[in-house]
Amino acid sequence: MGLVVQKYGGSSVADAEGIKRVAKRIVEAKKNGKQVVVVVSAMGDTTDELIDLAGEVSPVASGREFDMLLTAGERISMALLAMAIKSLGHEAQSFTGSQAGLITDSAHNKARIIDVTPGRIKSSVDEGNIAIVAGFQGVSQDSKDITTLGRGGSDTTAVALAAALDAEVCEIYTDVDGVFTADPRVVSKAQKIDRISFEDMLELASSGSKVLLHRCVEYARRYNIPIHVRSSFSGLKGTWVSNEQPDGQGEESMEQAIISGVAHDTSEAKATVVGVPDKPGEAAAIFRVLADFEVNIDMVVQNVSAASTGLTDISFTLPKSEGKKAISALEKAQGSIGYVSLRYDDQIAKISLVGAGMKTNPGVTATFFEALSNAGVNIELISTSEIRISVVTREEAVNEAVRAVHTAFGLDSETDEAVVYGGSGR
Ligand code: ADP
Ligand code: ASP
Ligand code: MG
């Protein structure tokens, strides 16, 4: 009997009605003869609300207790969902991440899965139950404390369980009909992508398309788990993320679009270290300080030094949430690095164009910059990979910029409007 893993995001289980609707859908899969393992997120914006609450009682909420608090959100939805399924006459059992065997390292708030031992889940489904697992959480192998996997981590829970249970597919149910050529909340003419490679999906996810988490796609690629992203609100077919055609002909036969989509990200900030001596070891010193404070760096740009001063500026982007930490680390190291001043700007957005086809199609970069220029959008930083071009712009220009680029690459749908069924977009 085949096994499927279904993951329902917070917007799909936002209220009692949502939980009952999802329960019906899960029972349908079971009636179709599948063993069903469900991963569920916290209801609606519960996680954000818990974070706000923690901030009200303590300005430095983090670590062990913070993770204890946040995992409560998923426990609520897993138990309610199991109850809803039982009331439809089917057996269901809920499990925390720890009970489901999600073993992680000890890095609270951003733990990494190091092993999955889903013995209890396997027994539960073998006994005929539908197993419901709380997403986004695990248990540390060393400290035995409860950990969380970072925001959006339920996607990773689902793929990790799918791999460990040798599932046929990992279905990610959300509040849109699949992966679109841009965020449907910004571009109403965005088109649903029927099939996308792991490679392009990874770039979209790491450039801000939060419909799938980057780490979940990475995991799926490593274990070759096909992901089907679809809506829990409609019966439509969604987007297949895989390297295979349904007929199993493999990667070669996959028709590559030149451009897969446009992603945007407003969660980053830009820091500039002004007046850095232009000599070997300076960039190393700056980024060593940041690494020691566990600050994640994204884009890095260094200017040509002014001949008169021999000084240069180095700019980089980083998550806004790590801004304070980064600035205080650099301030402490000013004496040893020897820069003149620091600038920090959190009113920026990153816009990225992604597509494996850009490797072999000249002119993509020019069209991208022309689209931004025609929309009057100023570019502050640029970075590229083989299959992605990203720019940093003012945050207030982001929606206009995304729409302009989407149109310029002929991605606008002429017929359909993309539907957003739920969620607050938070
Ligand atoms: P869930 O609660 O199901 O985890 P998320 O809010 O994490 O849902 O992800 C779904 C959201 O991702 C959509 O509502 C949409 O606004 C956003 N999104 C961003 N980029 C894309 C994209 N390219 N395709 C589809 N959705 C996207
Ligand atoms: N509830 C967690 C969050 O909001 C995890 C998830 O939804 O994937 O980030
Ligand atoms: Mg999500």
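The values are calculated or read from the model by the stated rules, or taken from the named source; none is laboratory data. In this text the structure is predicted, and so the values were computed from the model without any measurement. Positions of Cβ are generated from backbone atoms using ideal geometry, with glycine treated the same way; all protein chains shown enter the neighbour counts. Areas reflect the complete protein model, heavy atoms only, side chains present, ligands, DNA and RNA absent. Shrake-Rupley method; radii C 1.70, N 1.55, O 1.52, S 1.80 Å.
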Item checked: Among Gly119, Gly135, Gly153: highest mean-square fluctuation, GNM of the chain, C-alpha pairs under 10 Å -> Gly119
Check: Among bridges DSSP assigns within the chain, what percent are antiparallel (round to 5)?
Finding: 60 percent
Item checked: Estimated inter-spin distance, Ala72 and Ala283, nm [label 7 Å along Cα→Cβ] -> 4.7 nm
Checklist line | Dipole magnitude of the stretch 364-426, debye to nearest 20 (Cβ charges: Lys/Arg +1, Asp/Glu -1, about Cα centre) | finding: 220 debye
Margin query: Could you identify which residue out of Ser94, Ser373, Ser154 has the top mean-square fluctuation in a GNM of the chain using Cα springs shorter than 10 Å?
Written below: Ser373
Checklist line | Dipole of the chain, positive end: most advanced residue of Gly2, Ser260, Asn378 [Cβ charges, Cα centre] | finding: Gly2
Notebook entry, point to check: Once you list every other residue whose beta carbon is under 11 Å from the beta carbon of Val40, what net charge do they have if Lys and Arg are +1 and Asp and Glu are -1?
Noted result: +1
Next item on the list: Report, in debye and to the nearest 20, how large the dipole of the chain comes out about its Cα centre when Lys and Arg carry +1 and Asp and Glu carry -1 on their Cβ.
Entry: 720 debye
Item checked: Net charge over other residues, Cβ less than 13 angstrom from the Cβ of Gly208 (K, R count +1; D, E count -1) -> 0
Note to self: If R₀ is 30 angstrom, what is the calculated FRET efficiency for the pair Lys86 and Asn32, using the beta carbon separation as r and rounding to 0.05?
What the structure shows: 0.95
Margin query: What is the sum of charges, Lys and Arg at +1 and Asp and Glu at -1, for the other residues whose Cβ falls under 11 Å from the Cβ of Glu268?
Written below: -3
Next item on the list: Determine the per residue accessible area of the stretch 134-206 with all protein chains present and a 1.4 angstrom probe, expressed in square angstrom.
Entry: 29 Å²
Notebook entry, point to check: So what does the Cα-only Debye profile of the stretch 72-117 read at q = 0.16, 0.23, 0.26 Å⁻¹, as log10 I(q)/I(0), no solvent term?
Noted result: -0.55, -0.83, -0.92
Next item on the list: Could you work out which residue, out of Ser41, Ser231, Ser341, moves most in a Gaussian network model of the chain, that is, has the largest mean-square fluctuation with Cα springs under 10 Å?
Entry: Ser341
Item checked: Sparse-neighbourhood loop sites, chymotrypsin sites (Phe, Trp or Tyr not before Pro) in the stretch 271-331 - DSSP loop, at most 15 other Cβ within 10 angstrom -> Phe293
Next item on the list: Could you check how much of the accessible area of the stretch 217-375 is carbon and sulfur, as a whole percent, using a 1.4 Å probe?
Entry: 49 percent
Next item on the list: Determine, from the Cβ-Cβ distance of Glu396 and Ser373 and an R0 of 25 Å, the FRET efficiency 1/(1 + (r/R0)^6), rounded to the nearest 0.05.
Entry: 0.90
Notebook entry, point to check: To the nearest 0.05, what FRET efficiency results for Thr384 and Asp345 with a Förster distance of 30 Å applied to their C-beta separation?
Noted result: 0.90
Note to self: Students often check this: by mean Cβ neighbours within 10 Å, which of 23-35, 212-224 ranks highest, and how do the rest follow?
What the structure shows: 212-224, 23-35
Next item on the list: Starting from the Cα gyration tensor of the chain, multiply each eigenvalue by 5, take the square root, and state the resulting semi-axes largest first in whole Å.
Entry: 39, 27, 19
Item checked: Furthest towards positive pole of dipole, Ala158, Ser140, Ser123, structure part the chain, Cβ charges -> Ser123
Notebook entry, point to check: Considering only DSSP states other than H, G, I, E and B, which GluC sites (Glu not before Pro) in the stretch 126-206 qualify as loop sites with at most 11 other Cβ atoms within 10 Å?
Noted result: Glu127
Check: Scaled to the compact-protein estimate 2.2 N^0.38 Å, what is the alpha-carbon radius of gyration of the stretch 1-44, rounded to two decimal places?
Finding: 1.16
Check: Is any helix in the chain, taking whole DSSP H runs, at least 27 angstrom long along its axis by alpha carbon and on average at least -1.0 on the Kyte-Doolittle scale, and which ones?
Finding: 63-86
Note to self: Once the convex hull of the alpha carbons of the stretch 219-372 is built, what does its volume come to per residue, in cubic angstrom?
What the structure shows: 205 Å³
Next item on the list: Specify which residue in the list Met83, Ala333, Leu204 is farthest towards the positive end of the charge dipole of the chain, using unit charges on the beta carbon of Lys, Arg (+1) and Asp, Glu (-1), about the Cα centre.
Entry: Met83
Check: Considering only protein heavy atoms, what per residue accessible area in square angstrom results for the stretch 302-426 with a 1.4 angstrom probe?
Finding: 51 Å²
Check: Given charges of +1 on the Cβ of Lys and Arg and -1 on the Cβ of Asp and Glu, with all other atoms neutral, how large is the dipole of the stretch 292-365 about its Cα centre, in debye to the nearest 20?
Finding: 140 debye
Next item on the list: Could you list the residues of the stretch 330-369 with an amide nitrogen less than 13 Å from a label point located 7 Å from the Cα of Ser305 in the Cα-to-C-beta direction?
Entry: 338-340
Next item on the list: Enumerate by residue number the GluC sites (Glu not before Pro) in the stretch 360-417 meeting two conditions: DSSP loop (anything except H, G, I, E, B), and at most 11 other Cβ atoms within 10 Å of the site's Cβ.
Entry: Glu386, Glu414, Glu417
